[in-house]
Structures are given as C-alpha cells and as structure tokens.
1. So which of A171, A137 ends up being assigned to a helix (DSSP H, G or I) and surrounded by 19 or more Cβ atoms within 10 Å (Cβ to Cβ)?
2. Step by step: first the residues of the stretch 122-178, then only those that are basic (K, R) and closer than 24 Å to L87 by Cβ, then the one that is modelled with the lowest pLDDT. Which residue is that?
3. Being touching a residue at least 12 places away in the same chain (Cβ under 8 Å) and closer than 18 Å to Q165 by Cβ is true for just one of A144, A134, A93. Which residue is that?
4. Before we move on, is A93 surrounded by fewer than 24 Cβ atoms within 10 Å (Cβ to Cβ) and among the aliphatic types (A, V, I, L, M)?
5. Which of the residues that make up the stretch 140-155 are open to solvent by less than 40 Å² (accessible area, probe 1.4 Å), part of a helix (DSSP H, G or I), of a type outside the set (A, V, I, L, M) and more than 13 Å from P115 (Cβ to Cβ)?
6. Would you check which residues across the stretch 66-80 are under 14 Å from G91 (Cα atoms) and open to solvent by 80 Å² or more (accessible area, probe 1.4 Å) and list them?
7. Quickly run through the stretch 96-116 and pick out the residues that are in contact with a helix residue (DSSP H, G or I) (Cβ under 7 Å, 6 or more places away or on another chain) and either buried (at least 21 other Cβ atoms within 10 Å of the Cβ) or among the charged types (D, E, K, R) (or both).
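The values are calculated or read from the model by the stated rules, or taken from the named source; none is laboratory data. None of these values were measured; they are calculated from a predicted model. Backbone-built Cβ (ideal geometry, glycine too); neighbour counts: all protein chains shown. Ligands, DNA and RNA are stripped out before the accessible areas are found, and what is left, the full protein with its side chains, is counted by its heavy atoms. Shrake-Rupley method; radii C 1.70, N 1.55, O 1.52, S 1.80 Å.
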Amino acid sequence: HASQGRERVQRVDHDDPEGLAIATTVEVVPEHLHPIADVFRRGMLDPQSADSYYNRGNVYKTLGQQRAAIADFRESLRLRPRHAPTLNNLGTALLETGAIDEARHCFETAVQFDPQYYRAHTNLGWIHQKHNRAAAAQSCYQRAMQLNPGYAVAVNNLASLFFEQNQAEPARQMYERA
C-alpha cells in the first residue's frame with residue numbers, strides 16, 4: 001500500500017504575504033524512508049504507473065519542490081485522470097505557486113469525480129473563503145464535516161470563517177469542537 005509507513009500531519013503556511021496561506025494535510029516521509037525519497041528524486045520509477053508519479057509528487061511537495069510535484073501529479077493524472085487525491089494534491093501544489101484559478105478547478109474536478117473526498121471540499125471552501133464567498137465556503141466546510149466529522153482542518157476553517165464574519169458564538173463552538 002502506497003501510504004504504509006507515512007504520517008499525516010497538518011501543515012499551515014503562515015509566511016504568505018498575499019494572504020493565501022492554506023492548512024492542508026500532507027504526507028510526511030519519515031526519516032527511515034529517506035532512501036526511498038532519494039530514489040524518487042533520482043527518477044527511478046515505473047513510467048506506466050500512476051502511483052509512482054503520485055507518490056513522487058507527494059515527496060516533491062513535502063520537500064517544497066512544488067513545480068516538480070505539479071509535473072508528477074499531472075503525469076499521474078494523464079495515466080489515471082479521475083483520481084481525486086491526485087487532483088487535490090495538484091491543487092494544493094498549485095496554490096503554493098499562486099495558481100489559484102487552476103487550483104480551484106482541480107478541487108472542483110476532484111469533488112465531481114469523488115463527491116466523498118472531504119479534503120477537496122475543504123480546500124475548495126478555503127478558496128471560496130479567500131474570495132469572500134462566505135456561503136459557498138461554509139457549504140464546502142460543512143460537507144467536509146459531514147463526510148468526516150473528525151477532520152480538524154474543516155472545523156478550524158469553518159471557525160475561522162465565522163470569526164471573520166463576526167459570528168462569535170458559532171466560531172467559539174467550532175473552535176471548541178476542534
């Protein structure tokens with residue numbers, strides 16, 4: 001299984017002068033797997049395997065090499081065009097390069113292909129929130145929370161949205177839930 005031995009952590013990019021910081025869940029490669037990451041970086045993968053490109057894209061993304069991650073996610077999608085996790089990860093990499101419209105399209109497509117993929121709902125909500133579309137953002141966050149009630153990123157983002165709208169009580173309730 002591709003994710004065996006990996007940890008999932010929430011990463012929040014606070015050093016963003018344009019206010020495009022996003023809280024995303026990414027896979028972190030543990031130290032004992034660094035030799036595998038080196039193999040991925042050297043390009044030793046099965047050129048016909050969408051998983052190979054997806055996994056290497058995740059490694060590049062974790063290492064902060066967004067352009068390389070984007071290239072690998074796109075190649076993975078060429079081989080497996082309807083894979084929501086790849087679309088979502090491509091979207092988060094694109095966000096980190098400032099390609100917001102393209103990222104939004106990735107999240108929308110991921111939700112279309114897999115309506116149960118709560119991470120894409122959350123990331124789409126974040127884009128709506130940053131563009132002052134509060135109702136659309138709230139709807140996306142609530143859908144993500146319906147799909148995965150314990151998903152703290154969606155809960156925190158909804159709390160943040162309520163706070164931005166001066167809705168103190170709902171914000172407090174969401175922060176307590178997280």
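1. Working: A171 fails: surrounded by 19 or more Cβ atoms within 10 Å (Cβ to Cβ).
Of the residues listed, the single one that is assigned to a helix (DSSP H, G or I) and surrounded by 19 or more Cβ atoms within 10 Å (Cβ to Cβ) is A137.
2. At the first step, the residues of the stretch 122-178 found to be basic (K, R) are 130, 133, 143, 172, 177.
Applying the additional criterion that residues be closer than 24 Å to L87 by Cβ yields 130, 133, 143.
Values: K130: 93, R133: 96, R143: 97.
Per the stated criteria, the residue is K130.
3. Numbers: A144 fails: closer than 18 Å to Q165 by Cβ; A93 fails: closer than 18 Å to Q165 by Cβ.
After ruling out the rest, the residue left standing is A134.
4. Working: surrounded by fewer than 24 Cβ atoms within 10 Å (Cβ to Cβ): no; among the aliphatic types (A, V, I, L, M): yes.
So A93 does not fit the description; no.
5. Passing the criteria: only Y141.
6. R67, R74
7. Start the filter on the stretch 96-116 by keeping residues that are in contact with a helix residue (DSSP H, G or I) (Cβ under 7 Å, 6 or more places away or on another chain), which leaves 96-97, 100, 102-104, 106-111, 113-114, 116.
Of everything in the stretch 96-116, those that are in contact with a helix residue (DSSP H, G or I) (Cβ under 7 Å, 6 or more places away or on another chain) and either buried (at least 21 other Cβ atoms within 10 Å of the Cβ) or among the charged types (D, E, K, R) (or both) turn out to be E96, E102, A103, R104, C106, F107, E108, A110, V111, D114.
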